[in-house]
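I have placed the structure first, in the form of structure tokens, so that the comments after it can refer back to it.
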Amino acid sequence: MHDIKNSGYFTFPLGKLQVFIFTDGESVIENIQPTFAPNIEQAEVESFLKQRFLSTEKLTLAGNVLLVMKEDKIILIDTGCGQKLGPSSGELIENLILAGIEPEDITDIVLTHAHPDHIGGIVKADDSLAFPNAKIYLSKKEYDFWTAEHPDFSKGTQDAIADFEIQFAKHHLAMIDSEIQFYDDEAELFGFLKLENAPGHTPGHTLITISSDGEELIHIADTFQHILLVEHPEWGNQIDSDFELGIKTRQQILEKLSSNKQLFFGDHLPFPGLGFIQKTEEGYSYVPKSFYTI
């Protein structure tokens, strides 16, 4: 693997594909609880974070966006925040251009789900398309959830978060409605992307296995946004639309990744978000992929 120094992106080959990971910036959750680990004693959460030299006052989540290139296909998986969520995010287009990729060059966009930090960058501040030549793919289940008259958050997300997410999703999906091509729970695109429903975070939340010439990378989207949820998947996260289903799905995916020793990519893990899951006596741990520069 090979990186580009002094830039907001990282690139490496995967079989016959070229993969890019861009930073869109970061987001900060000021009040860790009750958003994360709502039912766990504060002292236990703080002890966990202190032992790992992490702040007990806030969680910082990276904003990583993955792109796959093959011949005439330039496929963006999610679009970051755009200019909608504050000054610490919205860097994707700037970093695409730095890598020599213009917004008009993007041929396809695959959305893993419709949260603000994944669809916010799909339109500009004036609501025109940010990637005007791209076909847009989204889970039908995800679309139906957000466009319902009253999306059901009774099993998870806090009301204030839900209200914001609903309005954001409805607005952005309306802006791209005529451009969307739907995919089912299990689908394949372009011959090298395999899509799999992983519900809980949202109903249509989707994992993507990227494969070429016997090499694989699994894009886990928002299955776990922080190592806190790797080592303690049962602590849960109230950003999930279904709290208990989110825990169940997270545990299943952690077991799969650890058993298969599978390289994966996470949207919110420290840049570039590539690593492995190791099974431990206590549960699981995150092992970042090692990189070397020359």
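A few points about this structure:
- For region 203-252, diffusion coefficient by Stokes-Einstein and Kirkwood Rh (Cα), 20 °C, 1.002 mPa s, µm²/s: 180 µm²/s
- Cα-derived Rg to Rh of region 1-123, Kirkwood definition: 1.06
- For the pair Asn31 and Lys170 in one chain, pulling the backbone fully straight at 0.36 nm per residue adds 47.4 nm over the alpha carbon distance.
- Residue-count net charge about Gly15 - beta-carbon cut-off 15 Å; Lys, Arg +1, Asp, Glu -1: 0
- Pairs beyond 30 Å (Cα-Cα), from Lys141/Lys289; Lys16/Lys84; Lys16/Lys135: Lys141/Lys289; Lys16/Lys84
- Relative intensity of the chain on a log10 scale, I(q)/I(0) at q = 0.06, 0.15, 0.17 Å⁻¹, equals -0.17, -1.22, -1.63, per a Debye sum over C-alpha point scatterers of equal strength in the absence of solvent.
- Reachable lysines from Lys140, criterion Cα separation under 18 angstrom, eight or more residues apart if same chain: Lys170, Lys194
- Semi-axis lengths, Å, region 159-294, gyration tensor of Cα atoms, sqrt of 5 times eigenvalues: 26, 21, 14
- Assuming charge only on the beta carbon of Lys and Arg (+1) and of Asp and Glu (-1), the dipole of region 30-78 about its Cα centre is about 160 debye to the nearest 20.
- Take every DSSP beta bridge whose two residues both sit in region 2-288; close to 80 percent of them are antiparallel.
- Computed Rg/Rh of region 65-155, alpha carbon atoms with Kirkwood Rh: 1.00
- Of interest is the spacing of the C-alpha centroids, which for region 15-31 and region 191-231 amounts to 14 Å.
- Packing rank of 197-205, 122-130, 245-253, where each peptide gets the mean count of other beta carbons within 10 Å, highest leading: 197-205, 245-253, 122-130
- Cα centroid separation - region 264-294 against region 233-251, whole Å: 20 Å
Values in this text are rule-based calculations from the coordinates and carry no lab data. The structure displayed is predicted, hence computed values, not measured ones. Cβ coordinates were reconstructed from backbone atoms using ideal geometry, including for glycine residues, and neighbour counts include every protein chain displayed.
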